[in-house]
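Shown next, in structure tokens, is the structure this report addresses.
The values are calculated or read from the model by the stated rules, or taken from the named source; none is laboratory data. Since the model is a prediction, treat every value here as computed from it, not as a measurement. Please note: Cβ atoms are built from the backbone with ideal geometry, for glycine as well, and neighbour counts cover all protein chains shown. To get the accessible areas, we keep the full protein, side chains included, count just its heavy atoms, and leave off ligands, DNA and RNA. Shrake-Rupley method; radii C 1.70, N 1.55, O 1.52, S 1.80 Å.
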Amino acid sequence: MIFLSKWSSQTLCAGAELGVFDFLSKDNARTASEVAAEIDLDPKLLYRLLRALASLGLLNESAEGHFNLTDRGVVLRSDAPGSLRYMAMLEGGEEHWAIWKYVPAMVRDGRQNAFLREYGEMAFDHARANPDGYGAVFGKAMSGFSAIQSRWALEALRDYDLSPLATWCDVGGGHGHLMCSFLTDYLHLSGTVLDLPEVVAEKDQLWAVKLGLEDRCRYVAADMFKEVPINADVYSLKMILHDWNDSECMQILRTIRRRAKPDGRVFIIEHIVPGSTESHFSKLFDIHMMCWGTGQERTEQEYASLLEASGWRFVTCHYPSHANMGVVEGVAR
């Protein structure tokens, strides 16, 4: 039943917050008492939580009360490649839980951004003001989810001829997972990751360092609203424009356009809203964005209009086979 889905999300969040997935594996089954003893939890209540997580398909439970991870549960370990532990904590955590209660009020008065209503500041500002709380969880959640999104972007552009392109700038690229994914698959490319000073200063988090790609990937500190000081053949914006309203998006795109080459390209990588008859993740994600800030999920045509209003020409949209995300292509005009 749809109205009980919050039970599932909160059960998952509790397991992630307690870190129980880190004390389980696929191969070695353990009892709730064994796990509880390691992380100082109540064994009886932990058993009930593990049983519920098993009912969600994240764990297997034996007849003797032993638990091990399923394939779905493995990705909730902190050390899993592209771990979703922190995404579970973020979306089930108090901040993102609190903002959803404002949906009726926002729809009534026509003003979105429930984060501002609840906390008196924008989500990004709240993250900076709480670096050990919301900020830490948000950063780790975005980094973990980026691994999945990078694979989708690679698949979407698999048949695209990147051979004429030599330089790539990922704007708002965080720690550089997307950029490094393309550099790994396309050896002729060199890349730049542009983000705020506090992001690129996190040297131990940078993917180019972890993957030994420092000779082909550099990090530049800048504010994409003010300046993108990179002349590249192609610019990408992954999960950036959906954070902002149309006016803010056009400001970002115009800032990039000022430095783009005459035939420069831009790839907008987002969850693109499909037609009216199709059920799609983006349509629910859009309500979350209504709560979270000033942005929204958009259709192909809405992204095309943003490009056309900002000095770019819309070319087409590239989709992976599952079509969860898409890559909107624009060219400088």
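Which residue is nearest to K140 (Cα to Cα), if the candidates are limited to region 33-56 and must be among the small types (G, A, S) and out of contact with any Asp or Glu (no Cβ under 9 Å at 6 or more places or on another chain)? Across region 33-56, the extreme among qualifying residues is A52.
Quick one: which of A127, A105 is part of a helix (DSSP H, G or I), of a type in the set (A, V, I, L, M) and in contact with a Phe, Trp or Tyr (Cβ under 9 Å, 6 or more places away or on another chain)? From the options A127, A105, the qualifying one is A127.
Kindly indicate whether S83 is among the polar types (S, T, N, Q), open to solvent by less than 20 Å² (accessible area, probe 1.4 Å) and closer than 30 Å to G295 by Cα.
On the way: among the polar types (S, T, N, Q): yes; open to solvent by less than 20 Å² (accessible area, probe 1.4 Å): yes; closer than 30 Å to G295 by Cα: yes.
So S83 passes the test.
In the list A32, A63, A54, A36, which residue meets the criterion of being of a type in the set (G, A, S) and in contact (Cβ under 8 Å) with a residue 24 or more places away in the chain? Testing whether each residue is of a type in the set (G, A, S) and in contact (Cβ under 8 Å) with a residue 24 or more places away in the chain leaves just A32.
Condition check: open to solvent by 70 Å² or more (accessible area, probe 1.4 Å), under 25 Å from D27 (Cα atoms) and modelled with pLDDT under 95. Does P131 satisfy that? No. The residue that is surrounded by the fewest Cβ atoms within 10 Å (Cβ to Cβ), counting only those in region 303-314 that are outside any loop (DSSP other than H, G, I, E, B) and touching a residue at least 40 places away in the same chain (Cβ under 8 Å), is L306.
For region 3-30, filtering for residues that are over 24 Å from the mean Cα position of the chain (by Cα) and open to solvent by 30 Å² or more (accessible area, probe 1.4 Å) leaves 9. For R151, the criteria (1) within 30 Å of R265 (Cα to Cα); (2) in a loop (DSSP other than H, G, I, E, B); (3) open to solvent by 30 Å² or more (accessible area, probe 1.4 Å); (4) of a type outside the set (D, E) hold in every case but one, which is (2). For H175, the conditions (1) farther than 30 Å from P262 by Cβ; (2) in a helix (DSSP H, G or I); (3) in contact with a Leu (Cβ under 6 Å, 6 or more places away or on another chain) are fulfilled apart from (2).
Based on this model, can you work out whether A136 counts as of a type in the set (A, V, I, L, M, F, W, C), in a helix (DSSP H, G or I) and open to solvent by less than 20 Å² (accessible area, probe 1.4 Å)? In short, no. The residue that is nearest to the chain's Cα centre (by Cα), among those in region 53-65 that are open to solvent by 30 Å² or more (accessible area, probe 1.4 Å) and of a type in the set (A, V, I, L, M, F, W, C), is L56.
For region 41-48, check the following and say yes or no: at least one residue is surrounded by 14 or more Cβ atoms within 10 Å (Cβ to Cβ) and among the hydrophobic types (A, V, I, L, M, F, W, C). Within region 41-48 (the criterion being surrounded by 14 or more Cβ atoms within 10 Å (Cβ to Cβ) and among the hydrophobic types (A, V, I, L, M, F, W, C)), the answer is yes, since at least one residue qualifies.
Among the residues that make up region 89-101, is at least one of them within 26 Å of the chain's Cα centre (by Cα), open to solvent by 30 Å² or more (accessible area, probe 1.4 Å) and more than 30 Å from H175 (Cβ to Cβ)?
Looking for residues that are within 26 Å of the chain's Cα centre (by Cα), open to solvent by 30 Å² or more (accessible area, probe 1.4 Å) and more than 30 Å from H175 (Cβ to Cβ), one finds at least one in region 89-101, hence yes.
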